[in-house]
Each structure stands twice: as structure tokens, then as C-alpha cells.
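The values are calculated or read from the model by the stated rules, or taken from the named source; none is laboratory data. This one's a predicted model, so the numbers in the text were calculated from it and none came from an experiment. Cβ sites come from the backbone with ideal geometry, for glycine too, and all protein chains shown count toward neighbours. Ligands, DNA and RNA are excluded from the accessible area calculation, which covers all protein heavy atoms including side chains. Shrake-Rupley method; radii C 1.70, N 1.55, O 1.52, S 1.80 Å.
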Amino acid sequence: PWAIGAIARGTLPYPLKEETKVAWTSVGDLATATADLVEKGFSGGERWTVTGAEDLTGAELATRLSVGTGREIAYRYFPEDDFEASLAPLYGPHGAKALADHYRDANRAPTGNLMTLGEGTIRGGLAAEWAAARLRPALG
């Protein structure tokens, strides 16, 4: 993930305020869901939500990653402007702004939820399982 260096040092920087809940999912789960939709003939005229299996606060997400990696990982709010600036070299200014705006909206949402579990969603795996399978090997 883009934050692997910080995670290796024991911090999960994320552009959501700590109390904001997110049904976190991995990019791998997102890619799998996208491929499944394409194989099923999805033409782009419908809207699908790809979401994780749990609604988690920032601290809860960090705890799940800690469990999966066997390392202590603390949550740190990463302000959206700083997040955007860090992504600009990778995604260009427009892509970075679009991603940061997604989190800006979530932090302003009255429910505080970025992507919550609900009907009609495609659910990814559990954060701790992903961390054990993918993040732990990447951290060495």
C-alpha cells in the first residue's frame, strides 16, 4: 500500500478523522470485484458499492492491521491536504484531488461513514485477514 513505509514504522496514516467509520477494503478486493462485474457483463450504467466486511474507526482499523501483522500499529489522522499532496506525484493533480475529495466528503458526512455496509454491495474480506496474508509478508 501507499503507506507501507509508515506502517513499517508502526503508524497507519489515513485521511479519515479517527472517529469516522469506514468499511475498508483492499485494492485487491476492489480489483476482484471489478473483474467479476466485467465478466458478468456490467456495462457501466449501474452503480455498485465495493465495501469491506466491517465498519471500522481509524483506531479499530489499526488494531485489525496489528492483529494481522503481529506488529503494534497506531492510527494517525493524515490531513486531506497533506494526503492529496503526497498522492499528486503518483496520480497527478486531478487524480490526487479526486481521491482526497472522497475523504473530505466522508469527514463532513453527518453519519461519518465513508462506505457503510448495506444491501446491494460487494463485500471484500476482513482487514485482519488481509493484513496477515498481504501486509505481513510485505513488511518482512
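Key figures for this structure:
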{"read-out": "Which of 50, 140, 107, positive extreme of dipole for the chain (C-beta unit charges)", "value": "140"}
{"read-out": "Residue among 36, 55, 81 with the largest mean-square fluctuation in a Gaussian network model of the chain, springs linking Cα atoms under 10 Å", "value": "36"}
{"read-out": "Residue 38-residue 59 pseudo-label distance in nm [points 7 Å out on the Cα-to-Cβ vector]", "value": "4.1"}
{"read-out": "Residue with peak Gaussian network fluctuation, the chain [Cα springs, cutoff 10 Å], from 52, 28, 68", "value": "28"}
{"read-out": "Using a Förster distance of 25 Å, the FRET efficiency for residue 105-residue 31 (Cβ separation, nearest 0.05)", "value": "0.60"}
{"read-out": "Accessible-area ranking of 86, 43, largest first, probe 1.4 Å", "value": "43, 86"}
{"read-out": "Surface accessible to a 1.4 Å probe, per residue, for the residues of the chain, Å²", "value": "57"}
{"read-out": "Magnitude of the charge dipole, the chain, Cβ model with Lys/Arg +1 and Asp/Glu -1, debye to 20", "value": "300"}
{"read-out": "Residues with amide H under 5 Å from that of residue 11, placed H, sequence gap 5 or more", "value": "74"}
{"read-out": "Mean Kyte hydropathy of -1.0 or more with a Cα span along the axis of at least 24 Å, helices from DSSP in the chain", "value": "80-108"}
{"read-out": "Helix-only CD estimate at 222 nm, as mean residue ellipticity for the chain, using -39500 (n - 2.57) per DSSP H run (n ≥ 4)", "value": "-14500 deg cm²/dmol"}
{"read-out": "Distant-in-sequence amide H partners of residue 126 (H built 1.01 Å from N, under 5 Å)", "value": "none"}
{"read-out": "Option label - volume of the Cα convex hull per residue in Å³ computed here, alternatives (i) 120; (ii) 107; (iii) 183", "value": "(i)"}
{"read-out": "Within the accessible area of the chain (1.4 Å probe), percent carbon and sulfur", "value": "54"}
